[in-house]
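The values are calculated or read from the model by the stated rules, or taken from the named source; none is laboratory data. No experiment lies behind these values; they were computed from the predicted model shown. For neighbour counting, all protein chains shown are included, and Cβ atoms are generated from backbone atoms with ideal geometry for every residue, glycine included. Each accessible area value is taken on the protein alone, full model and side chains, heavy atoms only, with ligands, DNA and RNA left out. Shrake-Rupley method; radii C 1.70, N 1.55, O 1.52, S 1.80 Å.
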Amino acid sequence: MSAEQPESPALLAESKQRGGRPAKAPVEELVEIGRTALAEHGKLSRSLLRKAVKDRDLTIGSDRQTEVMDILRPEIEAGSGVGPESG
C-alpha cells in the first residue's frame with residue numbers, strides 16, 4: 001500500500017486556478033467600453049455591457065462583468081436619477 005493517497009476531487013479543484021482563458025482586455029478597458037455604452041444608451045445593464053464588449057470582439061466573464069458594473073454603478077445611478085443624491 002502506497003503512503004501517498006490521491007487527492008480528493010474537491011482539493012484538486014481548489015488547487016487549480018479558476019477561470020478560463022487569460023483576459024484579452026484589462027478591467028480599465030472594459031470600464032471604458034461600459035462608460036461608452038452608458039453614454040450611448042443613457043443606461044447600462046449587464047446585457048448591454050456584454051453586447052458592447054462583444055461588439056469589440058472581446059469577451060467578459062461574469063466575475064469581471066460584476067467588477068465593471070460595480071465600478072460604474074455611481075455613474076449609472078447618477079444618470080438614472082437614482083441613489084442618495086436624488087429626491
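Values computed for the structure shown
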quantity: Accessible area of region 23-73 belonging to carbon and sulfur atoms, whole % at 1.4 Å probe; calculated: 50 percent
quantity: Largest to smallest accessible area among ILE76, ILE33, ILE71 [probe 1.4 Å]; calculated: ILE71, ILE76, ILE33
quantity: Cleavage-rule hits (trypsin sites (Lys or Arg not before Pro)) in region 24-83: DSSP loop, at most 11 neighbouring Cβ within 10 angstrom; calculated: LYS43
quantity: Estimated vicinal HN-Hα couplings, Hz - region 64-72 in sequence order (Karplus 6.51, -1.76, 1.60; Gly, Pro = x); calculated: 5, 4, 4, 4, 5, 4, 5, 5, 8
quantity: Charge sum, other residues only, whose C-beta stays under 13 Å from ARG46's C-beta, Lys/Arg counted +1 and Asp/Glu -1; calculated: +3
